[in-house]
Each structure stands twice: as structure tokens, then as C-alpha cells.
1. Once both axes come from the Cα atoms, what is the angle between helix 112-144 and the longest principal axis of the chain, in degrees from 0 to 90, rounded to 10?
2. Just to be sure I understand: with springs between alpha-carbon atoms less than 10 Å apart, which residue in 27, 155, 337 has the highest mean-square fluctuation in the Gaussian network model of the chain?
3. Quick one: helix 13-25 against the long Cα principal axis of the chain, what's the angle to the nearest 10°, folded into 0 to 90?
4. Highest first, please rank the peptides 3-16, 101-114 by the mean number of other Cβ atoms sitting within 10 Å of their residues.
5. Taking only DSSP H segments of four or more residues, each worth -39500 (n - 2.57), what value at 222 nm results for the chain once the sum is divided by all its residues, to the nearest 500 deg cm²/dmol?
6. Just report the Cα centroid separation between region 203-273 and region 5-37, whole Å.
7. Given contacts defined as C-alpha pairs under 8 Å and at least six residues apart, what's the relative contact order of the chain, whole-number percent?
8. Run the numbers for residue 220 and residue 121: contour at 0.36 nm per residue of separation, minus the present Cα-Cα distance, in nm.
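Read-outs throughout are calculated quantities, based only on the coordinates presented, and are distinct from any laboratory measurement. All values derive from a computational prediction rather than experimental measurement. Using ideal geometry, Cβ is built from the backbone for each residue, glycine included, and neighbour counts are taken over all protein chains shown.
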């Protein structure tokens with residue numbers, strides 16, 4: 001487990017020092033911060049990323065289960081909350097756990113092994129819960145796409161077929177015009193269905209381990225992507241800056257192509273500003289992983305929408321199925337990497353990739 005960042009919200013200095021002592025005895029791998037009341041604790045949660053909160057229920061201005069409810073409602077979704085209370089109350093403990101607490105520990109009954117185990121399990125359970133939540137959201141997206149986005153073109157084709165059937169009694173010239181119009185409608189909507197189905201299959205395959213891998217020169221992959229997008233790049237006078245050396249990753253060629261294609265086309269499709277510049281940079285190896293950044297100087301992504309746009313089927317202002325960035329996320333995770341999305345005078349995608357062995 002990587003270093004765990006722990007926030008202790010506790011108004012009694014003696015109890016806070018006891019927790020600090022237990023954490024110190026647990027060994028390396030923990031970083032602890034202490035806040036004396038709920039308000040300052042929540043402010044700290046909003047400004048710093050934490051893995052676990054050790055929460056006392058009796059704090060200045062709030063007490064009991066309402067303290068936990070407030071913390072749960074305002075804490076980030078990826079933070080695990082462990083109640084660390086002086087009250088040995090089974091009813092309160094059961095209520096807190098039922099509402100989302102990862103554990104309920106009683107002061108004075110906690111030793112170093114119990115605390116370390118509780119923190120480790122809380123982090124693992126929270127990660128599992130969030131992973132399940134993402135899977136469920138993705139399944140809901142699949143269901144919505146199939147029921148809504150496919151229904152529209154299928155309905156248009158059904159109507160075109162009805163119009164064709166009703167036109168059999170027309171004279172030859174009117175019939176020819178109706179056939180042309182209806183077949184164009186059918187052809188256009190068949191293409192929509194085909195594109196959507198292909199995108200669904202692409203998304204499903206993006207998270208699957210490939211049957212074969214090889215040493216992929218990322219510079220060649222990016223050159224291929226830029227060559228395919230050359231017409232739009234030249235037409236919009238987009239400036240592209242690419243490092244000559246982009247490293248070699250042991251991977252599926254298809255996955256690397258999908259990854260950089262979606263990042264480059266995301267910059268092109270979601271920015272209509274003049275003077276657009278897109279960069280692809282290689283930051284070398286770090287911790288056994290290749291590190292890359294793809295960025296542009298466009299409008300960026302609203303900070304409150306970054307997580308939402310990484311979910312499948314979330315569409316921006318442009319047309320499409322809204323799976324591009326979710327494909328990027330799936331591939332990065334498949335290759336044991338991490339993806340960070342932020343804004344810095346435009347959208348910034350910082351990610352790592354590890355060599356994949358079959």
C-alpha cells in the first residue's frame with residue numbers, strides 16, 4: 001500500500017497524541033494531520049487529498065451521529081471515514097456503519113494492530129466501493145445508450161419504411177422522390193447505429209488484457225494519429241508540438257493507438273478557438289512507468305466536471321457518443337498507470353504507463 005494520508009478530527013489533544021503514537025508505532029507508510037473541530041477538518045478535506053478520516057463524534061458544536069452525517073455528506077466520495085469515539089455504544093456503532101462508516105473504534109480499546117488493520121481495510125473497502133460505483137454507472141450508461149441513442153435512429157428507419165410502404169400508390173416521379181428520401185434516411189441512421197455499436201465494442205475492449213503485446217514506439221503511434229488528423233489540423237491551422245523521443249512501451253499497438261488518438265482528437269473536437277496548440281510530451285520513466293503529458297491551450301474542462309467527463313457516455317458540447325476520455329482512463333488503468341486531468345491555460349492530461357507482460 002502507498003503512503004496513507006490520515007486526517008484526525010479530534011478536539012482532545014491527549015486523544016490526538018495517543019492516535020499519533022499508535023500510528024508512529026505502526027511504522028512507515030502513514031502521514032497524519034490533526035484538526036480540532038469539524039469545520040476545520042472539512043476545510044482540510046476540501047484542500048488536501050486524504051485516504052482516511054479518524055472522526056470523533058463529540059466535537060465543539062456537534063455531537064453524536066449527526067457529526068458523522070455531516071462529515072459523510074461533505075467529505076469527498078473517495079475518503080474512508082472511521083469513527084473513533086469514546087462512547088462504547090453498539091447502537092450508535094451499528095447506525096454509523098449502516099450509514100457508511102468503514103469502522104467504529106472505541107478509544108481506550110484500540111491498540112496499534114487494530115488501528116493499522118482498520119485503516120488498511122477501510123481504504124481497501126472504499127476503493128472497492130468506488131470501483132463498484134463506477135461499474136454500475138458504466139452499466140447504466142450502456143443501458144441508457146442502447147435504450148435512448150439507438151432508439152432514435154431505429155425509429156427514424158421504421159418511419160422511413162412506413163413511408164415507403166405508403167408510397168406504392170404514387171405515380172412514378174413521386175415514387176422515385178420518396179424512395180430517394182427514405183433510403184437516404186435509412187442509410188444515414190444505419191450509419192449512426194453502426195458507429196454507436198462500434199464505439200460500445202471499443203469501450204468494452206479497452207479494459208481487456210490484449211492477447212499479444214510488443215515493443216511499441218510511441219513516436220510512430222503519434223505520427224500515425226497526426227497523419228490521420230492532418231486534414232483538420234491543417235484546415236484549422238492547429239500547431240502541434242511533439243517530442244522527438246516518446247519512449248517505447250511494451251503494449252498492444254491497438255491500445256496505444258486508441259489512447260493517443262482519443263487524447264489528440266479530444267483537443268481538436270472540443271476547442272474551436274483560434275491559435276490552438278496541442279502538445280505531446282514524454283517526461284521519461286519514473287518508478288518503472290513511462291510518464292506522458294498531452295495538453296492544449298483551449299477552453300479546458302470545468303474543474304467540477306472533470307470526474308464526470310471521464311465516465312462513459314458523458315458528452316460535451318460536440319456530437320459523439322462521449323466515450324473518448326473513458327477509453328483513455330480504461331487503458332491507463334489497464335497498464336497499471338495513473339491519469340491526472342487538470343486545467344492550466346487549457347486541458348492537461350498527465351498519465352503513466354507500465355510495460356505490460358502477458
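1. Helix 112-144 sits at roughly 20 degrees to that axis.
2. Maximum fluctuation in the GNM of the chain, among the listed residues, is at 27.
3. 70
4. 3-16, 101-114
5. About -16000 deg cm²/dmol.
6. Each part reduced to its Cα centre gives a spacing of 45 Å.
7. Reported relative contact order: 11 percent.
8. Full extension of this stretch gives 31.3 nm more.
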